[in-house]
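A quick write-up on the structure given underneath.
Read-outs: derived from the displayed coordinates by stated rules, not from any lab. All values reported here derive from a predicted model rather than from experimental measurement. Neighbour counts are summed over all protein chains in view; Cβ atoms, including those assigned to glycine, are modelled from backbone coordinates with ideal geometry.
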Amino acid sequence: MHRLPAGAKLAAAVACILLVVLLPRTAWPAYGIVAAGLVVLARLAAADLRQLLLRLLLLEPFVIGIALLALLRPGGWPVFLAMLAKSTLCLACMVLLTATTRFSDLLAVLWRVRVPALLVTTVALMHRYLFVLVEEMGRMNRARRSRTFVRDRTSAWRGSAQVAGQLFVRTSERAERVYLAMCARGWKN
Amino acid sequence: MHVPDGFLDLRTLASTAALATVGLGLALREVRRLPARRVPMIGLAAAFVFTAQMLNFPVAAGTSGHLIGAALAGVLLGPAAAIVAMTAVLLLQSLMFADGGITALGANVLNLAIIAPLVACGIYACVRRVAGDSLQATLLAAGFAAWCSTLVAALSCATQLAVAGVVEWGTVLAAMGGVHMLIGLGEAVITMLILAVVIRSRPELLDVASTRPVPHRARAAYAVMAAIGLMVLIAPLASSLPDGLEHVAEQFGFAGRAAAAHPAPLPDYAVTALAGDWPWLSAVVAGAVGALLAFAVAWFVARALAAPGRTAARQQ
């Protein structure tokens, strides 16, 4: 399943999610079928089920947070449970997709389906430099921690803001260099 | 505030996706007019927003908040570029980390990548026009803009959930609005702190983005977008208000009959009746009080950050 074309996988995932979204709120047997299908697919993909479940659990609080709002209305329990089931299924589908597909392949699909080039360029650049910036922020945070001995809340906020502000300054300097490098390699807007 | 898949129905998904596509298309057209030098900056700024969202700001009892970044992006990049950058952030979060649904992408883009930066840029420009260009005024404008954008984005999200029939309009408005008034305060303070650092070390970074005049046609287009957005916001009021009243009436009848069986249904009853009588007045009053408080907080923080003595002390 890792080798299937990314476009097909993305289309299948979107179709599956749309199906779940469109199912009526009381269609519990259908939810069961979709869940079983996803488990079978995960087994076929030889994915690490434990890791998939872990990622699902990490994302679940956001779902529960929004689903809890449904409890505020009278007779909200069935809606709450249906929402929870639906979005958990969709989430499982996306987790499976991201576990078996490289993001660069998904980007290539976005190119092909004529998403505006400027947007894809932006996402591609973001993907390329995200981990560079995360590492840079890690270094700055480490440097800050090794120099600060007082840890009250005000200084923590100041310190984090200092890191973020400096990161933006460095990011814009890096963007200048990236632009020059892109031009040197024949990039045309 | 990311809406996952499975919450919104087809009607909401389609209408938000259409609005998001139009808004994003306008922003992309706007960005194409910028100098080519800015294009890599937008991509890297998106990466910056994502990275800055990972920073923890300890609140209390082990919990911590983090930046949303729409207002910061709006102030640093200008509205059109901020829309594109925030859309890239949401796209990556959805496709790479499964955070935020893929069918709900339209709704999320509309709330967090279009409405939030536009509101932020609008409020920022308005406050600066009144308060001036000093450091304190800039920070105050950015902080208040961050609070407003967080609140409006949350209300827009609540509206979509209510239209989709997941939640009830009145309760979700109060819940999301109340919580995000507090979250917005955190967002405002973080935005101001970060902006103060950027302005102090490289003031020209900010001026490149914010002094560029917006063409009239784009302004008109954004006004139309805002009007459509407002209509989307207001339409459910018209449609859900009778529902709400009907529901209260039902409760009245039900409570009247139940009164014989239960000894004291009154406390419950009084609260629903009150909320049913004046839902809009109380919402407006709460919003106005919240806005005043947020403005006051932004003013104090801006004054503290802009005070000349503080920098010398801090840099030692």
- Query: What's the average, rounded to a whole number, of partner chain beta-carbon atoms within 10 Å of each residue's beta-carbon in B:19-31?
  - Reply: 1
- Task: Taking chain A as the reference, fit the longest principal axis to its C-alpha atoms, fit the long axis of helix A:6-22 to the helix C-alpha atoms, and give the angle between the two in degrees, 0 to 90, nearest 10.
- Result: 50
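With a cut-off of at most 10 other beta carbons within 10 Å, and DSSP calling the residue loop, which trypsin sites (Lys or Arg not before Pro) in the range A:75-114 qualify? Please list them.
Details: sites: A:K86, A:R102, A:R112, A:R114; in loops: A:R102, A:R114.
Filter output for the range A:75-114: A:R114.
Suppose we take every Cα in chain A and form the convex hull; what volume per residue is that in Å³? Provide the component values of the computation, followed by the final result.
Working: hull volume 36.4 nm³, N = 189.
Enclosed volume per residue, from the Cα hull, is 193 Å³.
Report the calculated FRET efficiency for A:L4 and A:D48 (r = Cβ-Cβ distance, R0 = 22 Å), to the nearest 0.05. The partial results should precede the final answer.
Numbers: r = 18 Å, r/R0 = 0.83.
In this case the efficiency is close to 0.75.
Go ahead and run the numbers for FRET between A:W187 and A:L58, Cβ-Cβ distance against an R0 of 51 Å, rounding to 0.05.
Working: r = 37 Å, r/R0 = 0.73.
E between A:W187 and A:L58, to the nearest 0.05, is 0.85.
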- Query: Starting at 0 and stepping by 5 Å, how many percent of the alpha carbon pairs of the range A:116-184 end up in each bin?
  - Reply: 4, 14, 19, 21, 14, 11, 8, 5, 3, 1
- Message: What distance in nm separates the two pseudo spin-label positions at B:N56 and A:V113, each 7 Å out from Cα along the beta-carbon direction?
- Response: 3.7
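When only DSSP loop residues count, what chymotrypsin sites (Phe, Trp or Tyr not before Pro) in the range A:124-189 have their Cβ near at most 10 other Cβ atoms within 10 Å?
Working: sites: A:Y129, A:F131, A:F149, A:W157, A:F168, A:Y179, A:W187; in loops: A:F149, A:W187.
Here the chymotrypsin sites (Phe, Trp or Tyr not before Pro) that fit, given the DSSP loop and packing criteria, are A:F149.
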- Please report B:V59, A:V113 as a ranked list, fewest other C-beta atoms within 10 angstrom at the top and most at the bottom. A:V113, B:V59
- Query: Which of the peptides B:121-131, A:33-43, B:160-170, B:193-203 is most tightly packed, and how do the rest follow, judged by the mean count of other Cβ atoms within 10 Å per residue?
  - Reply: B:160-170, B:193-203, B:121-131, A:33-43
- Task: May I ask for the distance between the Cα centers of the range A:40-106 and the range B:171-209, given as a whole number of Å?
- Result: 30
- Could you work out how far apart the two model spin labels at A:A143 and B:A36 are, taking each label as a point 7 Å from the Cα in the direction of the beta carbon, and quote it in nm? 3.3
- Message: Under 18 Å from a point placed 7 Å out from the Cα of A:L180 along the Cα-to-Cβ direction: which residues of the range B:34-74 have their backbone N that close?
- Response: B:36-42, B:44
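Would you tally the net charge around A:G7, using a Cβ to Cβ cut-off of less than 15 Å, leaving A:G7 out, and scoring K and R as +1, D and E as -1? The partial results should precede the final answer.
Details: positive: A:R3, A:K9, A:R102, A:R112, A:R114; negative: A:D105.
Spelling it out: positives minus negatives among the neighbours equals +4.
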- Note on the structure: Helix A:49-68 sits off the longest principal axis of the Cα atoms of chain A, rounded to the nearest 10 on a 0 to 90 degree scale, by 80
- Message: As a test of the formula, what do you get for chain A when each DSSP H run with n ≥ 4 contributes -39,500 (n - 2.57) and the sum is divided by the residue count, at 222 nm and rounded to the nearest 500 deg cm²/dmol?
- Response: -28000 deg cm²/dmol
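Evaluate peptide A:10-16: per residue, the Cβ atoms of other protein chains within 10 Å of its Cβ; return the mean as an integer. Walk me through the intermediate numbers first.
Details: counts 2, 0, 0, 2, 3, 0, 0.
Mean shielding count: 1.
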- May I ask for the angle, rounded to the nearest 10°, between helix A:28-44 and the longest principal axis of chain A, with both axes built from Cα atoms and the value confined to 0 to 90°? 50
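Trypsin sites (Lys or Arg not before Pro) within the range B:3-39: which are DSSP loop residues with at most 11 other Cβ atoms inside 10 Å?
On the way: sites: B:R11, B:R29, B:R32, B:R33, B:R37, B:R38; in loops: B:R33, B:R37.
In loop regions of the range B:3-39 (DSSP not H, G, I, E or B), the sparsely surrounded trypsin sites (Lys or Arg not before Pro) are B:R33.
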- Message: Among B:92-103, B:77-88, B:284-295, how do they line up by average Cβ neighbours within 10 Å per residue, starting with the highest?
- Response: B:77-88, B:92-103, B:284-295
- Note on the structure: Computed about the Cα centre, the charge dipole of the range A:116-184 from +1 Lys/Arg and -1 Asp/Glu charges at the Cβ has a magnitude in debye, to the nearest 20, of 400
- What average count of beta carbons from other chains do you get within 10 Å of the Cβ of residues in B:165-174? 5
- Item | Estimated inter-spin distance, B:A307 and A:L19, nm [label 7 Å along Cα→Cβ] | 6.3
